[in-house]
Amino acid sequence: MEVQKMFEVFCKAFNKIKPYLAMVSLSFGYAGMYIITMLCLKRGMSTYVLVVYRHAAATIAIAPFALYFERKTRPKLTLPIFFKIMLLGFLEPVFDQNLYYLGMKYTSATFASAIVNILPAVTFIMAILFRLEKVKIKNIHSIAKIVGTVVTLGGATLMTLYKGPVMNMFGTSSAHTGTGSSSSSSASSSGDHKWVVGTLMVMASCVGWSAFFILQSFTLRDYPAELSLTTLICFMGMIEGGAVAVVMEHHTSEWALGMDSRTLAPIYSGVVCSALAYYLQSVVIKERGPVFVTAFNPLCMIIVAVLGSLILAEQIHLGSVIGAIIIVIGLYSVIWGKSKDYNPSPLSLDSTGKGDDLELPISTTNGTKTIAATTIVDDTDYGVQLPKSQK
């Protein structure tokens with residue numbers, strides 16, 4: 001009996017931390033993607049082609065699981081759901097990723113991963129607009145969400161407008177040599193322009209990614225088959241991304257692959273950061289909501305900063321460090337405010353946070369009839385408490 005109780009306690013504890021484990025694992029997965037993708041882009045691969053190959057790899061990886069595990073539970077694919085999936089295939093696979101890759105190309109993997117920390121704030125704003133989040137001005141947790149969102153966006157703005165001196169944080173060389181003040185000034189001006197444009201691209205990609213999370217949460221209500229939904233999103237991303245790539249890239253040589261990062265990047269990012277990520281995000285969104293899913297970016301930023309400095313020899317500027325710290329402070333203000341929104345229950349909860357009404361049979365002198373009782377979760381046996389008059 002003691003072993004059984006210990007096993008039950010372990011299972012309950014594991015169920016509570018599963019969403020955290022999933023998102024921490026994805027943070028490491030995304031960090032690897034940033035580094036490998038940056039190496040791939042430096043070798044000259046087109047961002048548009050990379051998006052197509054990435055989602056082709058993702059579709060091939062996830063489709064067999066969807067066909068097998070959801071063959072009996074897959075809902076009917078109606079026209080409205082199909083249109084939502086088409087839009088999902090555009091928002092993240094095409095719009096977000098193309099802008100993000102271009103922005104990372106103009107800045108750096110470390111900087112781009114830091115800017116992405118505005119994602120929870122942008123998602124929170126969109127969630128309010130689409131009534132997925134409730135804000136009460138007199139509630140301290142709602143105030144924390146609002147203040148955290150403003151602080152996060154302020155940190156992103158600082159990173160955009162101020163670079164500052166190079167920080168030699170991991171022993172990498174930051175020396176620059178120049179042959180003349182005129183050429184140095186010209187290069188600096190061109191670099192600053194690309195830095196601002198790249199930053200705006202990454203911020204725009206965050207808007208697309210946030211919209212993807214919001215629409216994904218709505219789509220899951222009508223099409224609650226995570227594996228099938230992931231497969232369809234990846235497939236539509238490949239088709240729509242292919243159309244964009246054909247228009248933007250006119251040379252067949254851009255589609256060539258090799259036995260290097262040009263092949264590794266699409267496969268790794270497709271399998272880990274599209275197929276696996278979309279599926280895990282769908283599962284966690286159904287349980288915790290879209291804001292929770294976006295709350296683990298700072299961990300990814302730290303990993304990328306270390307790897308980017310050591311592997312890619314990327315420079316970290318003072319403005320990036322200060323802005324990232326401000327973003328993290330604002331981010332966790334949002335998370336703290338969000339923490340009171342989740343009330344775990346083994347029974348389903350409706351949008352108001354109240355238990356579902358269950359039809360329970362009771363015995364009467366005239367026979368058996370049903371009454372509606374509000375479910376009240378008991379911590380010990382998950383029972384349903386009946387009104388006192390019926391006990």
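The values are calculated or read from the model by the stated rules, or taken from the named source; none is laboratory data. Bear in mind the structure is a predicted one, so any value in this text is a computation, not a measurement. Positions of Cβ are generated from backbone atoms using ideal geometry, with glycine treated the same way; all protein chains shown enter the neighbour counts.
Below is a table of values for the structure above.
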read-out	value
Segment 122-145: number of residues that are within 25 Å of Met203 (Cα to Cα), surrounded by fewer than 18 Cβ atoms within 10 Å (Cβ to Cβ) and of a type in the set (A, V, I, L, M, F, W, C)	6
Residue under evaluation Cys40, criteria (1) surrounded by 11 or more Cβ atoms within 10 Å (Cβ to Cβ); (2) in contact (Cβ under 8 Å) with a residue 40 or more places away in the chain; (3) within 22 Å of Pro290 (Cα to Cα), criterion not met	(3)
Matching helices (runs of 4 or more DSSP H) fully within segment 255-338 where at least 2 residues are over 20 Å from Ala127 (Cβ atoms) and at pLDDT below 75	297-311
Per-region count, segment 46-90, residues aromatic (Phe, Trp, Tyr), surrounded by fewer than 16 Cβ atoms within 10 Å (Cβ to Cβ) and closer than 24 Å to Val207 by Cα	2
Residue check for Tyr20: assigned to a helix (DSSP H, G or I), within 23 Å of Ile327 (Cα to Cα) and without any contact (Cβ under 8 Å) to a residue 40 or more places away in the chain	yes
Scan of segment 241-254 for residues that are within 11 Å of Thr47 (Cα to Cα) and in a loop (DSSP other than H, G, I, E, B), ordered by number	Glu249
Any pair with Cβ under 8 angstrom, 6 or more apart, that starts in segment 210-227 at a residue that is under 16 Å from Ala277 (Cα atoms) and ends at one that is outside any helix (DSSP H, G or I) and among the acidic types (Asp, Glu)	Ala225/Glu70; Leu227/Glu70
Sole residue being in contact with a Phe, Trp or Tyr (Cβ under 9 Å, 6 or more places away or on another chain) and aliphatic (A, V, I, L, M), chosen from Met201, Met259	Met201
Residues located in segment 107-122, provided they are touching an Asp or Glu at 6+ places or on another chain (Cβ under 9 Å) and of a type in the set (S, T, N, Q)	Ser108, Thr110
Residue in segment 172-192 that is over 21 Å from the mean Cα position of the chain (by Cα), of a type in the set (A, V, I, L, M), modelled with pLDDT under 75 and at negative phi present	yes
Some residue of segment 231-252 being at pLDDT 85 or above, surrounded by 21 or more Cβ atoms within 10 Å (Cβ to Cβ) and among the β-branched types (Val, Ile, Thr)	yes
